[in-house]
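A.B. asks: Quick one: the structure is below, and I'll ask about it shortly.
Each reported figure results from applying straightforward, stated rules to the coordinates on display, with no laboratory input. These numbers come from a predicted model, not from an experiment. Every residue, glycine as well, gets a Cβ built from its backbone with ideal geometry; the counts of neighbours run over all protein chains shown.
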Amino acid sequence: MRLRHWFYTVPLRLRSLFRRNQVEQELDEELRYHIERQIEEHIAKGMTPEEARYAALRAMGGVEQRKEECRDMRRVRLIEELMQDVRYGLRTLRRSPGFTAVAALTLALGIGANTTMFSLIDAVLLKSLPVRRPEELVSLSRRFSYPGLKILREYDQVTTGLVAFTPVRLGVSIAGQAEPAVLGHLVSGAYFSVLGVHPILGRLLGDGDDQTPGAHPVAVISHGYWRRRFGSDPAIIGKTISLAGTPFTVIGVTPPGFFGAEVGSSPDIFAPVMMSPQLMPAGGPVAEEGPLLEHIGYEIFQVFGRLKPGITEAQAVAGLEAPFRQIRDALVKRYAHHFDARVPQRYSQEKLAVNSFSSGLSQVRRQFSRPLQILMTVVALVLLIACANIANLLLARASGRRKEIALRLCLGAGRARLIRQLLTESLLLAIMGGILGLLFASWGRHLLLAIMSTGLAPISLEVRTDYRVLGFTGSVSILTAILFGLAPAFRATRVDLIPALKDNARGFGGSVFRMRLGKVLVISQVALSLILIAGAGLFIRTLYNLSHQRTGFTPENVLAVRVEPKGSNDLHKNVAKLSQIYQTLIERVSAMPGVKSATMSNPSPFSSGRFNAISFPSKLLVDGQPSADKNDQNPALLAQVYPKYFATLGISLLAGRDIQMTDCSRDAPMVVVISKTMARRLFQNANPIGRRLGDGRRDYEVISVVEDVRYDSLKEETASVIYFPFPNGQTGRGQMTLQVRTTGESSALVSAIRAEAQRIDDTMAMNDVRPLSAFIEASIVQERLMTALMSFFGLLAMLLAAIGLYGVMANSVSQRTHEIGIRMALGAQRTDVIGLVLRETMLMVGAGLIIGLSAALASTRLIASWLYGLTPNDPLTMALAGLLLLTVAALAGYLPARRASRVDPMEALRHE
Amino acid sequence: MSKPTDLVQGALDLLIMKILALEPLPGWAIGRRLKQVSGDVLQVSAGSLYPDLHKLQQEGWITAEWKPSENNRRAKLCSLTRLGGKELEKEAANWNRLSAAISRVVKLKEA
């Protein structure tokens, strides 16, 4: 019924709206017809035409009133008035294009910044995975080994099946040609069916593809990789590609938009967990202790599943408690005799939790959620400042429109109606700002993702302008319109009619209030921008400190290439072959023109390669005696290097001799090099050269001491390192890095090195080919992101505050022309007038600075974790920020002050 | 001049729709017809009639078309729509119930 009613009435309303002229004409005609008939009737009764007409009109009681009543019945009053307001508002805005442009642009910057941040936060933190019913997915809070997964599955009654995945970088070669390495995920057979994802080509992995270790060389490739590498060739199914040296058959392609279960990374290859022995870079002690997939301590798999209907997360935890306890006990037992007694203890204290997995897992989320949240706050502040600015502009405009508004009020316009009209204007501005802001946001997003992606792992995020982003932008625009438009609208319509209508009167009462509101706005702008400037200053100084931090090596002109020959995952079995390959590679690359020296090592500085470590240095034996160093908080890191490592990286040799090629053999006398800190820890001030170092099983002679190096982060303490000549110690698949010091620009050598590597071993993959300095850059990507954005927004905020200040002072000066004229006529000098205006400016700025400074001191703690080499309340930074703002403010105040000083007293007085 | 709308809310709607149910009429004639059939008891002023006609039209209960009238004039002829017919039935039933109830109360014997 309701709907049918609408069916009839909507066309009628539309007619009233859009055929307004016709409707009006008909109304006119209808009433005229009535009156004419009435007149005829009266004449027929014997009245004179005059009398008849008069009587008829009187009976009608005012034709215009009747019309108005009829119009009211059309039920489109509100819309009609709104359209009127919009038309009028557009006309008004067009009449002052300067104001409109400044206001819309200011808003666009504010709204655009907010939209950018929101769309990133939405993609990184809020959005659900693009899979079937993501809200049912849960993940377990810790990683498990494959035997652990089997125990969990055996007991599991709460999910429809638990599946595992783990990321791995894979060297690819196709038709005998090495390709750029790609990101792969090793996944359980049921992974895709649990997620509810269907292939667009071929088939996805199933349980049958995940039964026997090493027996399922099949792979699914991503839609992106299929399009990028294979040109969307449907004949890809059944083709063979080689992953980490093992041939795999491509069986299917995932749908577009599917990026696995980890937001921010998009794997190109999915292979079965059962292929881990072939694909995982197993290094360290685990490799010596039997097959990977049977090792309870090889906990690399992230486990998730879909809850059965009606099962809550708490029930799931309870349901998985028993198998978890069994796994925990097995781990404790397995490591009961670990040389570090804390290891089994740590295992015995672990707890299991079940978390919602609806938005997946994310390294990016861990890395960027805090920066994004802080930046969201920052852009919200910038928008607030922008709102204050526009409110100020509107106030200034309102004083110019006082006569017009007073006139309308006199003619009977309702105050509410006028406020509505003014708010409509604000809304129009906000909508313009919003549309422009969307444009800015699409640029800003690309820029931001580009900065974020300078880290080592490429970040791929689906960030689009979808309905969520549009909804956000729309709401923000409307909110800002209310925020900046309401107060000025109320203020503008409270006009003292009589003085306002008089030509020159200033309406002092209203003016004082208006000025006060304007000043409050400016003070808060100054305060807010001081917070942002101070924050930016802290980041800039942090970045300066970091980039001037001594690393202990010279990264300039050094190229780093991670190499991965076939068989590198089993150093023990292939030691002869691998030594041969590495030595040949180093010799040939060293001989290339433009190369000063070449070497290899594991790990390489800042490459996020993991050290093997002795986490319990007090167990080290010095000359057969227990070490004097009892500091077990700081593990001793173990590195493997080739000759010239220290020379190539520019690490100073403090004492002793460099490693020679003759040391690089398992048959040679065993020697080590130790870092300065390590030497101090083990030998205090004694000379370590020639002393012996042992771990209980083997014994090494210390041949030299080298300078300390930062290996992972510019902020960390320097590490205590023991360097072994290459084949001694452990490396896993593809963990050796070739470092080449060049005489000039290093990038030209990349293809030559690649070709040489192919000649030595055509299955050898080369990953992460970058200048060493790029690895350092990548380690401070968060700091750089924050510095760049904080500086931009800080400057923007300051600029807006300066514009606001200028606007208020300029307006104040023009309102006080008369007063200034009198002062000058009475003998005030130009400097007096400038002082008068500047004093007022500085009073506002001073108040803003004091408020801003206290707020900054209280809030910079939030960014303390990013700062380096200074405290969050660093006095120098605070002082500089205040000084900068003061200078800019003084300039903004000086311009109106100078204009005030040029007032011609005669002119000003005559004007009155 | 009596204003029926002042008496019972909605009564004017009912009267107009009932009259138009008999035959399509221009606004002016509706007032005349009402006066005539009610034996000069009910009169509606132009000030009440026209807004009400517009309201009924916006509700979709009556519709109007322009027809030539005497002296080369056009008259806006109002007629009841199907939707209006249903509404009239409902309103008439309501009115009967209401007036019967009022009558019962008015006719109560005082003790």
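A.B. asks: To the nearest 0.05, what FRET efficiency results for A:L883 and A:E716 with a Förster distance of 41 Å applied to their C-beta separation?
C.D. replies: With R0 = 41 Å, the Cβ-Cβ based efficiency is 0.75.
A.B. asks: Dipole magnitude of the range A:278-421 about its Cα centre, charges +1 at Lys/Arg Cβ and -1 at Asp/Glu Cβ only, in debye to the nearest 20?
C.D. replies: 1720 debye
A.B. asks: Here's something else I'd like to know. Arrange the following residues from fewest to most other Cβ atoms within 10 Å of their Cβ: A:L843, B:L15, A:L772, A:L170.
C.D. replies: A:L843, B:L15, A:L772, A:L170
A.B. asks: Charges only on Cβ, +1 for Lys and Arg, -1 for Asp and Glu: so what's the dipole of the range A:786-912 about the Cα centre, in debye to the nearest 20?
C.D. replies: Taking the Cα centre of the range A:786-912 as origin, the dipole is about 80 debye.
A.B. asks: Something else now. For A:A44 and A:L653, calculate 0.36 nm times their separation in residues minus their Cα-Cα distance, and state this gained length in nm to one decimal.
C.D. replies: In short, 206.5 nm is gained.
A.B. asks: For the charge dipole of the protein assembly as shown, defined by +1 on Lys and Arg C-beta atoms and -1 on Asp and Glu C-beta atoms about the Cα centroid, which residue among A:S607, A:A181, B:S99 has the Cα displaced farthest towards the positive pole?
C.D. replies: The residue sitting most towards the positive pole is B:S99.
A.B. asks: Placing +1 at every Lys and Arg Cβ and -1 at every Asp and Glu Cβ, with all other atoms neutral, what dipole size does chain B have around its Cα centre, in debye to the nearest 20?
C.D. replies: That gives a dipole near 120 debye.
A.B. asks: Using Cβ contacts closer than 10 Å as the measure, can you line up A:C410, B:C78 from fewest to most?
C.D. replies: Final ranking by Cβ density, sparse to dense: A:C410, B:C78.
A.B. asks: Would you mind ranking A:K150, A:K351, A:K715 so that the residue whose beta carbon has the fewest other beta carbons within 10 Å leads the list?
C.D. replies: With the sparsest Cβ surroundings first, the list reads A:K351, A:K150, A:K715.
A.B. asks: To the nearest 10 degrees, how steeply does helix A:508-547 sit against the main Cα axis of chain A, on a 0 to 90 scale?
C.D. replies: Compared with the principal axis, the helix lies near 10 degrees.
A.B. asks: Once both labels are modelled 7 Å past Cα along the beta-carbon direction, what's the A:E587-A:T212 spacing in nm?
C.D. replies: 4.2 nm
A.B. asks: Please work out whether the range A:134-358 counts as rounded, prolate or oblate from its C-alpha gyration tensor, where a ≥ b ≥ c are the square roots of the eigenvalues and a/c under 1.5 means rounded, while otherwise a/b larger than b/c means prolate and anything else oblate?
C.D. replies: Since a/c reaches 1.5 but b/c is at least a/b, the shape of the range A:134-358 is classed as oblate.
A.B. asks: Using only the alpha carbon atoms of the range A:1-70, find the Kirkwood hydrodynamic radius as the inverse mean reciprocal pair distance, in angstroms to one decimal.
C.D. replies: 14.2 Å
A.B. asks: Calculate, for A:L17 and B:K67, the FRET efficiency according to 1/(1 + (r/R0)^6) with r their C-beta to C-beta distance and R0 22 Å; round to the nearest 0.05.
C.D. replies: Efficiency for this residue pair is about 0.30.
A.B. asks: I need to check one value: relative contact order of chain A, counting alpha carbon pairs closer than 8 Å and at least 6 residues apart, in percent.
C.D. replies: This gives 15 percent for chain A.
A.B. asks: With a cut-off of 18 Å, note down the residues of the range B:51-76 whose backbone N falls inside the zone around a label point 7 Å from the Cα of B:A92 toward its beta carbon.
C.D. replies: Of the residues in the range B:51-76, B:61-63 have backbone N under 18 Å from the label point off B:A92.
A.B. asks: Could you name the aspartates and glutamates in cross-link range of A:K644, using Cα to Cα under 18 Å and dropping any fewer than eight places away on the same chain?
C.D. replies: Partners within reach: A:E556, A:E587, A:D658, A:D663, A:E707, A:D708.
A.B. asks: From the helices alone, meaning DSSP H stretches of at least four residues, give me the mean residue ellipticity at 222 nm for the protein assembly as shown, per-run term -39500 (n - 2.57), in deg cm²/dmol to the nearest 500.
C.D. replies: Calculated mean residue ellipticity at 222 nm is -18000 deg cm²/dmol.
A.B. asks: Please work out the Cα center distance from the range B:33-111 to the range A:795-823, rounded to the nearest Å.
C.D. replies: The range B:33-111 and the range A:795-823 have Cα centres separated by 66 Å.
A.B. asks: Separate question: I'd like to know which of A:I651, A:M670, A:Q758 lies farthest towards the positive end of the charge dipole of the range A:566-763, counting +1 on Cβ of Lys and Arg and -1 on Cβ of Asp and Glu.
C.D. replies: Towards the positive end, the residue furthest out is A:Q758.
A.B. asks: Could you derive backbone 3J(HN,Hα) for the range A:95-108 from the dihedral phi with the Karplus parameters 6.51, -1.76 and 1.60 (θ = phi - 60°), listing whole Hz in sequence and x where the residue is Gly or Pro?
C.D. replies: Couplings: 6, 10, x, x, 4, 4, 5, 4, 5, 5, 5, 4, 4, 4 Hz.
A.B. asks: Hey, could you grab the Kirkwood Rh for the range B:4-106? Inverse mean 1/r over distinct alpha carbon pairs, Å, one decimal.
C.D. replies: Across the range B:4-106, the inverse of the average 1/r is 14.4 Å.
A.B. asks: Rounded to whole Å, give me the distance from the Cα center of the range A:10-73 to that of the range A:208-226.
C.D. replies: Between the Cα centre of the range A:10-73 and that of the range A:208-226, the gap is 83 Å.
A.B. asks: Okay, next question. What is the total of Lys pairs in chain B with C-alpha atoms under 28 Å apart, excluding same-chain pairs fewer than 8 positions apart?
C.D. replies: So the count works out to 29.
A.B. asks: In degrees, nearest 10, range 0 to 90: what is the angle between the Cα axis of helix B:27-37 and the longest Cα principal axis of chain B?
C.D. replies: The helix B:27-37 is inclined about 40 degrees to chain B.
A.B. asks: Something else about it: Once you have the Cα-Cα distance between A:L449 and A:R550, take 0.36 nm times their residue separation minus that, and quote the gain in nm to one decimal.
C.D. replies: Length gained between A:L449 and A:R550: 33.4 nm.
A.B. asks: Now a separate question. Which of the listed residues, A:L27, A:V63, A:L14, is farthest toward the dipole's positive end in the range A:2-75, when Lys, Arg count +1 and Asp, Glu count -1 at the beta-carbon?
C.D. replies: A:L14
A.B. asks: Based on the Cβ-Cβ distance of A:M906 and A:T831, what FRET efficiency does E = 1/(1 + (r/R0)^6) give at R0 = 25 Å, to the nearest 0.05?
C.D. replies: 0.80
A.B. asks: So, one more: List, in the order given, every pair from A:K308/A:K351; A:K566/A:K715; A:K577/A:K676; A:K333/A:K676 whose Cα-Cα distance in the structure shown is over 30 Å.
C.D. replies: Listed pairs above 30 Å: A:K566/A:K715; A:K577/A:K676; A:K333/A:K676.
A.B. asks: Quote the relative contact order of the range A:113-262 in percent (integer), defining contacts as alpha-carbon pairs under 8 Å separated by 6+ residues.
C.D. replies: Value for the range A:113-262: 21 percent.
A.B. asks: Turning to a different aspect of this structure: Quick one: length gained pulling A:R698 to A:A686 fully straight, 0.36 nm per residue minus the C-alpha distance?
C.D. replies: My answer for the length gained is 2.1 nm.
A.B. asks: May I pose another question? Using only Cα atoms, locate the centre of the range A:683-711 and the centre of the range A:530-583, then give the distance between them in Å, rounded to an integer.
C.D. replies: A separation of 24 Å, based on Cα centres.
A.B. asks: Any chance you could give the angle, 0 to 90 degrees and rounded to 10, that helix A:363-400 forms with the longest Cα principal axis of chain A?
C.D. replies: 20 degrees
A.B. asks: I've got another one for you. So for the pair A:R227, A:T240, with labels modelled 7 Å out along Cα→Cβ, what separation do we get in nm?
C.D. replies: 3.0 nm
A.B. asks: Along its three principal axes, how long is the range A:670-809 when you only count alpha carbons? Whole Å, largest extent first please.
C.D. replies: The Cα atoms of the range A:670-809 stretch 79, 48, 29 Å along the principal axes, largest first.
A.B. asks: What's the long-distance tail for chain A, i.e. % of Cα pairs beyond 50 Å?
C.D. replies: Of all Cα-Cα pairs in chain A, 42 percent lie more than 50 Å apart.
A.B. asks: For the pair A:R132/B:A21, report the inter-label distance in nm, with labels modelled 7 Å from Cα in the Cβ direction.
C.D. replies: Here the modelled spin labels are 5.8 nm apart.
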